Amino acid sequence: MSDELTYGEIYAPIYEKYTTLQGKVAEVDDTVAFLERYCSGGSALELGIGDGRVAVPLSERGVKVDGIDNSRSMLELLAKRTDLIKAWQGDISHFRSEQRYRLVYCVYFTFTLLFTREAQIACLRSAAEALEHEGVLVIELGVPGSDPRVGRQQTTTARLVDHENTILNVAVHDPLNQNLVSTLLWFSGTSVRRLPQRVRYVYHQELDSMAECVGLELAERWGDWARGAFTERSERHILVYRRGSP
Ligand SMILES: C[S@@+](CC[C@H](N)C(=O)[O-])C[C@H]1O[C@@H](n2cnc3c(N)ncnc32)[C@H](O)[C@@H]1O
């Protein structure tokens, strides 16, 4: 991927349509109901806030939400939807906030867009510092074992096929760095878009260890936003880490 073009700049023009097709807009009510429980009168910070898919409905429930994103285009989409949310341009792997939050959250697969272990640990450290005492960090991740791209050197998988769209993911796996370097090829009508991205997948136990290193303790682990159990068949995990005494 080109260094200048971040995920947000690449995806912003098609983000709403893409997340709708992927079912991410339909599940927002469950996501927001899950997150709201941890706010209890305090405020929340979203890491990689994007166009506000989650933050806007959360703020409409009365939670004061702030956000960080490194993509100007994503922040412009957010600003068009609401003026209730304060969001700033920055890197979620190294940020500082004067304010302390009851909840910091990083959903979808945003955390894995930090494609080095060092950047992921730095993000956890920044998040821990932004939390109030007893505040929680919620992270949503895909489960690597359920991802057909992990364990193979190269894969091409169909993400969606309907009358109007064919979305393919072409990926190369770098197991030494736990990286998947991939491109979505989105054919629609007579046009095709190339959407490159790179992620570092992470196993839940590794994430627990990284979180522990920065003073966060695992409080809960779930398999979905409806608080289904995390099992060997889960395709994602939702981790809740609590900040203990400084
Ligand atoms: C998968 S989207 C998720 C957006 C939103 N959280 C949602 O759930 O719909 C990832 C977002 O994280 C942002 N992002 C990726 N890497 C980032 C970084 N290092 N610092 C800040 N934002 C980042 C992207 O611009 C994008 O808006």
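Residue check: is Ala119 more than 8 Å from the ligand (Cβ to nearest atom) and either on the phi > 0 side of the Ramachandran plot or small (Gly, Ala, Ser) (or both)?
Criteria not met by Ala119.
Can you pull out the residues in the range 11-35 that are under 17 Å from the mean Cα position of the chain (by Cα), of a type outside the set (A, V, I, L, M, F, W, C) and more than 9 Å from the ligand (Cβ to nearest atom)?
The answer is Glu16, Tyr18, Thr20, Gln22, Gly23, Glu27, Asp29, Asp30.
Does the range 199-212 contain at least one residue that is open to solvent by 30 Å² or more (accessible area, probe 1.4 Å) and part of a strand (DSSP E or B)?
The answer is no; no qualifying residue exists.
Cβ-Cβ below 7 Å, separation at least six or inter-chain, first residue in the range 97-121 and of a type in the set (Val, Ile, Thr), second in a helix (DSSP H, G or I) and more than 7 Å from the ligand (Cβ to nearest atom): which pairs?
Qualifying pairs under 7 Å: Val104/Ala127; Val104/Ala130; Val107/Thr31; Ile121/Met210; Ile121/Cys213.
Sort through Val214, Val161 and tell me the only one that's under 26 Å from Pro13 (Cβ atoms) and of a type in the set (Val, Ile, Thr).
Result: Val161 is the single residue among Val214, Val161 that is under 26 Å from Pro13 (Cβ atoms) and of a type in the set (Val, Ile, Thr).
Based on this model, can you work out whether Gln89 counts as open to solvent by 50 Å² or more (accessible area, probe 1.4 Å), within 12 Å of the ligand (Cβ to nearest atom) and either in contact with a Leu (Cβ under 8 Å, 6 or more places away or on another chain) or over 22 Å from Tyr15 (Cβ atoms) (or both)?
Yes: the conditions hold for Gln89.
Which count do you get for residues in the range 204-230 that are of a type outside the set (A, V, I, L, M) and in contact with a Leu (Cβ under 6 Å, 6 or more places away or on another chain)?
2
Tell me, which strands (runs of 3 or more DSSP E) lie completely within the range 123-191 with 3 or more residues that are charged (D, E, K, R) and crowded, with 20+ Cβ neighbours inside 10 Å?
No strands (runs of 3 or more DSSP E) qualify here.
Quick check on Lys24: is it more than 25 Å from Leu160 (Cα to Cα) and either touching a residue at least 60 places away in the same chain (Cβ under 8 Å) or open to solvent by 10 Å² or more (accessible area, probe 1.4 Å) (or both)?
Taking the combined requirement at face value, the residue does not satisfy it.
Filter the range 23-49 down to the residues that are polar (S, T, N, Q) and over 11 Å from Tyr108 (Cβ atoms), then identify the one that is modelled with the lowest pLDDT.
Ranking the candidates gives Ser40 first.
Filter the range 228-246 for residues that are in contact with a helix residue (DSSP H, G or I) (Cβ under 7 Å, 6 or more places away or on another chain) and open to solvent by 20 Å² or more (accessible area, probe 1.4 Å) and give the result.
Glu235, Arg243 - these are the residues of the range 228-246 that are in contact with a helix residue (DSSP H, G or I) (Cβ under 7 Å, 6 or more places away or on another chain) and open to solvent by 20 Å² or more (accessible area, probe 1.4 Å).
Can you find, within the range 54-65, the residue that is farthest from Ser126 (Cα to Cα) among those that are in contact with a helix residue (DSSP H, G or I) (Cβ under 6 Å, 6 or more places away or on another chain) and within 12 Å of the ligand (Cβ to nearest atom)?
Step by step, filter the range 54-65, then rank; the result is Pro57.
State all residues of the range 36-51 that are within 9 Å of the ligand (Cβ to nearest atom) and under 21 Å from Leu239 (Cα atoms); if no residue qualifies, say none.
Of everything in the range 36-51, those that are within 9 Å of the ligand (Cβ to nearest atom) and under 21 Å from Leu239 (Cα atoms) turn out to be Glu46, Leu47, Gly48, Ile49, Gly50.
The values are calculated or read from the model by the stated rules, or taken from the named source; none is laboratory data. The model shown is predicted, which means the values in this text are computed figures rather than measured ones. Ideal geometry is used to build each Cβ from the backbone, glycine not excepted, and the neighbour counts take in all protein chains shown. Ligands, DNA and RNA are excluded from the accessible area calculation, which covers all protein heavy atoms including side chains. Shrake-Rupley method; radii C 1.70, N 1.55, O 1.52, S 1.80 Å.
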